[in-house]
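Presented below is the structure to which this report refers.
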Amino acid sequence: MDTTRTVETKIDPGLIAKANAKLAGDLEHDYAALGKQIARAGLEIERVTDAVARFGVAIPSWGVGTGGTRFGRFPGEGEPRHVMDKLDDCAVINQLTGATPTVSLHFPWDEPEDAGALRARGETLGLGFAAVNSNTFQDQKNQKLSYKFGSLSHTEAAVREQAVAHNLHCIDLGKKLGANEITVWIADGANFPGQQHATRAFERYIESLGRIRDGLPGHWRMMIEHKIAEPAFYATVLQDWGSSLMAAQATGPQCMCLVDLGHHAPNVNIEMIVARLIQAGKLGGFHFNDSRYGDDDLDAGSINPFRLFLVFNELVDAEWRKVEGLKLSHMLDQSHNVTDPIESLMISAVELQRAYAQALLVDRDKLDRLQSGNDVMGASQELKRAFTRDVAPIMAMARSRRGAAIDPVAVYRASGYRAACAKNRPAQKNFGGGIV
Ligand code: LRH
Ligand code: MN
């Protein structure tokens, strides 16, 4: 992306500057106080603030429209009508948080008439394109063969061929957009014992992945996303991290495992899965969200912030152990059914910054000593101390230094952006691209 060009701003920069000026004094005070606290623990606040300022997470294009469930969807005001509206909304989130410089598109929901024009619009708004997502879990109008009984693992070669071709098409679009990753989640599975041969279905899936891999440019990565259930409720072809690791290892170095936090049974120790995939050299990235029961797609850090912290604790620990080749793609994957999606996505990006900052405040040498000495309470308290540290001044300082808003939601509400969208975007019957 050409960083010299001036970026078109959706929110008046003056409004951000004025709001920040009001908060700057308190922020300086709180930041200095936190800096002293952290220094007493032998850590440097500036090192953490710089790392948080460099942290970026991709916004799911399907997340800026109001989501819903099978029981209904209650559209909000000024819904994005198409991918260009979605980019505008993503630009607002990035301008106010400074933490979301890329957008993850989903095809065909975001199928562009002109990929070049879409890329140029992204650049104008200061946005790049993260992993593209294929969709072989819905049948599109005038699609020849149905995915009712699966896609990449379907018993019929022609259906697998159609699904592979769709993924190659997504890679093509991604190349035109300057992306270098594709995320492949499939809904393939069974609702009845006996309906599907577990091993043969998995073999067909891996064979299809190989065909997609063969279409990847050399520097691209393919992320495969496991999920325990839904829409299949007896068996899912890529059901868990073990299946994902087997498939990624069978498919080769360009195939990596993506962890969607909501794709596990309740109470599964996800941070342990993260540690294993890092050890296997196969952790490629995340779909961050939160959940309590199933794939609830709730806002990251809204239900179980300690679990989010423990995931980031594994990532920072790997950095500290200088694990080679760890290159992670962070993305949000949420459904905003009752909030303004822009507010939810801004706050979720900030919650990721919070978990990262807290994980950076763990004294790893000390923790290592406590763990080696089996000082159970000492070790667990060292983690708790970092998790309970109020790092809000660090995230606010990181935002203000990037010219973003110290209080993104307050500036967003003061901007009247949503009301303007309500006026400029006449409400639509069918919503252009989302889960429901
Ligand atoms: C599947 C999933 C996948 C996306 C979809 C929108 O549950 O997490 O990542 O393709 O949501
Ligand atoms: Mn996901």
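The values are calculated or read from the model by the stated rules, or taken from the named source; none is laboratory data. Keep in mind that what you see is a predicted model, and the values were worked out from it rather than measured. Note that each Cβ is placed from the backbone with ideal geometry, even for glycine, and that neighbours are counted across all protein chains shown.
Quick notes on this structure:
- Test for N304: is it without any contact (Cβ under 8 Å) to a residue 24 or more places away in the chain and more than 16 Å from ligand 1 (Cβ to nearest atom): yes
Conditions (1) under 14 Å from A99 (Cβ atoms); (2) within 16 Å of ligand 2 (Cβ to nearest atom); (3) at pLDDT below 95; (4) buried (at least 24 other Cβ atoms within 10 Å of the Cβ), marked per residue:
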residue	(1), (2), (3), (4)
R321	no, no, no, no
L326	no, no, no, no
S329	no, yes, no, no
D333	no, yes, no, yes
H336	no, yes, no, no
E343	no, no, no, no
M346	yes, no, no, yes
L352	yes, yes, no, yes
A357	yes, no, no, yes
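- Residue list for the stretch 150-161, restricted to those being crowded, with 19+ Cβ neighbours inside 10 Å and not charged (D, E, K, R): G150, S151, L152, S153, H154, V159
- Inter-residue pairs, beta-carbon under 7 Å, first within 13 Å of R221 (Cα to Cα) and in the stretch 245-271, second away from ligand 1 (no atom under 16 Å from the Cβ) and among the β-branched types (V, I, T), 6+ apart: T251/I206
- From G189, G210, residue being within 16 Å of ligand 1 (Cβ to nearest atom) and within 16 Å of S151 (Cβ to Cβ): G189
- Positions within the stretch 249-264 being more than 16 Å from ligand 2 (Cβ to nearest atom) and assigned to a loop (DSSP other than H, G, I, E, B), in sequence order: G252, P253, Q254
- Subset tally (residues that are away from ligand 2 (no atom under 15 Å from the Cβ), charged (D, E, K, R) and not in a helix (DSSP H, G or I)) for the stretch 208-248: 2
- For the stretch 17-39, the count of residues that are modelled with pLDDT under 95 and either in contact with a His (Cβ under 9 Å, 6 or more places away or on another chain) or under 19 Å from W320 (Cβ atoms) (or both) is zero.
- Members of the stretch 32-86 found to be part of a loop (DSSP other than H, G, I, E, B) and out of contact with any Lys or Arg (no Cβ under 9 Å at 6 or more places or on another chain), listed by number: L43, E44, F55, G56, V57, R70, F71, F74, P75, H82
- Criterion applied to I270, I278 was being closer than 30 Å to T66 by Cα, modelled with pLDDT of 95 or more, surrounded by 15 or more Cβ atoms within 10 Å (Cβ to Cβ) and among the β-branched types (V, I, T), and the one residue passing it is I270.
- The set of residues in the stretch 303-326 being among the basic types (K, R) and closer than 12 Å to I278 by Cα consists of R321, K322.
- Flag for D240 being over 23 Å from G174 (Cβ atoms) and buried (at least 16 other Cβ atoms within 10 Å of the Cβ): yes
- Flag if F149 is touching a Gly at 6+ places or on another chain (Cβ under 8 Å) and not basic (K, R): no
- Residue among A232, A247 that alone is closer than 13 Å to W185 by Cβ, within 12 Å of ligand 1 (Cβ to nearest atom), small (G, A, S) and surrounded by fewer than 23 Cβ atoms within 10 Å (Cβ to Cβ): A232
- Test: residue in the stretch 156-167 that is assigned to a helix (DSSP H, G or I), among the basic types (K, R) and either in contact with a Lys or Arg (Cβ under 8 Å, 6 or more places away or on another chain) or modelled with pLDDT of 95 or more (or both): yes
- Among residues of the stretch 179-202 being within 18 Å of M222 (Cα to Cα) and away from ligand 2 (no atom under 16 Å from the Cβ), the one that is surrounded by the fewest Cβ atoms within 10 Å (Cβ to Cβ) is N180.
- Subset of the stretch 114-149 (residues that are in a loop (DSSP other than H, G, I, E, B), surrounded by 24 or more Cβ atoms within 10 Å (Cβ to Cβ) and in contact with a helix residue (DSSP H, G or I) (Cβ under 7 Å, 6 or more places away or on another chain)): L127, S134, T136
- Annotation: of all residues in the stretch 319-333 being assigned to a loop (DSSP other than H, G, I, E, B) and touching a Lys or Arg at 6+ places or on another chain (Cβ under 9 Å), the one that is nearest to L361 (Cα to Cα) is R321.
- All positions within the stretch 324-356 that are touching an Asp or Glu at 6+ places or on another chain (Cβ under 9 Å), farther than 20 Å from F129 by Cβ and hydroxyl-bearing (S, T, Y): S335, T339, S344
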